[in-house]
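Worksheet: one structure, shown below.
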Amino acid sequence: MSKESMNSFAGKWALITGASSCLGLEFADLLAAQKVNLVLAARRQESMEKLASDLRQKYGVDVLVEAIDLASPGAASRLKCSLDAKSLTIDILLNNAGYGLHGDLLETPIECTVNLIQFNITTLTELTYLFGLDMAKRRSGHILLVASLMAFQAVPSYAAYAATKAYVLALGEAIHNELRPHGVIATTLCPGHTETGSDAAAGATTSALLRLLTMKSRPVAASGIQALLQGKAMVVAGLANKIVAFSNRLAPQSMQRARLKRIVDA
């Protein structure tokens, strides 16, 4: 299994989706600190331009901004074509973009759920395929997929979101084995509750218990990159979250659902 140092990434190009906020910011700073050139992809161009300027000045790396709505159909192909036209070779793909959706399925407009699936599943899969294909041909590359601790169980009031993250985890672990013979490392990061602002975006409040389990975004991002360098198939960020993920294998599913419902809605 491949084990590398951050120095092996120096001078390469990384594509970070969802780069305008939260974990995307941390991924960008961690990689730029190791002299990795960056493509930042998200909707908010102004915030990405500021980040790009800061990273260029702080670390002396090249940073390209690609303002794009990754939730729109065909976005992955448009992004790939744009980078191909610039003759950019992506060595590291950080599939970080995604969002949550809180509320019972039947009380949520179906358009919102469909958009969630398009963003969290379809675009992520297309990006993984398009850039993974190039990496496999070169017999070199790294792909990080961001799932969630919710990927390990069904979560009432986050039904569709948890299901999309279960897909990401299953996809990531499968392609880890598929791509390894082609010289490509695929790792899935499963964060627990993280200070990202996603609760407000999802229309959810945070329970007292969930706040106790909340991690800062920096160590979560660092754990993902470290696992990618170590060639791991999957990593759960944080000791408490590792215990939760392991306990889910032992508890009956009905107990898991009831427990998660209390935690997320308390």
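Those residues that are outside any helix (DSSP H, G or I), open to solvent by 30 Å² or more (accessible area, probe 1.4 Å) and closer than 12 Å to residue 164 by Cα, I need them from region 94-128; list them, please. Before you say what the answer is, go through the steps one by one.
We begin by selecting, within region 94-128, every residue outside any helix (DSSP H, G or I); these are 94-104, 108-109.
Filter again for open to solvent by 30 Å² or more (accessible area, probe 1.4 Å), leaving 98-99, 101-102, 104, 109.
Matches in region 94-128: 98, 99, 101.
Hey, does region 20-29 have a residue that's of a type outside the set (Phe, Trp, Tyr) and open to solvent by 50 Å² or more (accessible area, probe 1.4 Å)?
Checked against the condition, which is being of a type outside the set (Phe, Trp, Tyr) and open to solvent by 50 Å² or more (accessible area, probe 1.4 Å), region 20-29 yields at least one hit.
In region 222-254, which residues are at pLDDT 95 or above, among the aliphatic types (A, V, I, L, M) and part of a loop (DSSP other than H, G, I, E, B)?
Within region 222-254, 233 is the sole residue that qualifies.
Anything in region 129-167 that is among the aromatic types (Phe, Trp, Tyr) and either more than 21 Å from residue 177 (Cβ to Cβ) or touching a Cys at 6+ places or on another chain (Cβ under 8 Å) (or both)? List them, or say none.
152, 158, 161
Got a number for residues in region 148-184 being in a helix (DSSP H, G or I), over 18 Å from the mean Cα position of the chain (by Cα) and not acidic (Asp, Glu)?
The qualifying residues number 6.
Scan region 129-151 for residues that are under 20 Å from residue 166 (Cβ atoms) and open to solvent by less than 50 Å² (accessible area, probe 1.4 Å) and jot them down.
If the condition is that a residue be under 20 Å from residue 166 (Cβ atoms) and open to solvent by less than 50 Å² (accessible area, probe 1.4 Å), then 143, 144, 145, 146, 147, 148, 149, 150, 151 are the ones that fit.
Each row is one residue, and each column tells you yes or no for (1) assigned to a loop (DSSP other than H, G, I, E, B); (2) in contact with a Leu (Cβ under 9 Å, 6 or more places away or on another chain); (3) in contact (Cβ under 8 Å) with a residue 60 or more places away in the chain.
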residue: 28; (1), (2), (3): no, yes, no
residue: 38; (1), (2), (3): no, yes, no
residue: 51; (1), (2), (3): no, yes, no
residue: 56; (1), (2), (3): no, no, no
residue: 61; (1), (2), (3): yes, yes, no
residue: 64; (1), (2), (3): no, yes, no
residue: 84; (1), (2), (3): no, no, no
residue: 88; (1), (2), (3): yes, yes, yes
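Condition test on residue 46, is it assigned to a helix (DSSP H, G or I) and either surrounded by fewer than 21 Cβ atoms within 10 Å (Cβ to Cβ) or in contact with a Cys (Cβ under 6 Å, 6 or more places away or on another chain) (or both)?
Values: assigned to a helix (DSSP H, G or I): yes; either surrounded by fewer than 21 Cβ atoms within 10 Å (Cβ to Cβ) or in contact with a Cys (Cβ under 6 Å, 6 or more places away or on another chain) (or both): yes.
Yes, satisfied.
Hey, can you tell me all the residues within region 55-75 that are under 16 Å from residue 44 (Cα atoms) and surrounded by fewer than 17 Cβ atoms within 10 Å (Cβ to Cβ)?
Hits for region 55-75 are 67, 69, 72.
The values are calculated or read from the model by the stated rules, or taken from the named source; none is laboratory data. In this text, all values refer to a predicted model and were calculated from it rather than measured experimentally. For neighbour counting, all protein chains shown are included, and Cβ atoms are generated from backbone atoms with ideal geometry for every residue, glycine included. SASA here: full protein model, heavy atoms, side chains in, ligands and nucleic acids out. Shrake-Rupley method; radii C 1.70, N 1.55, O 1.52, S 1.80 Å.
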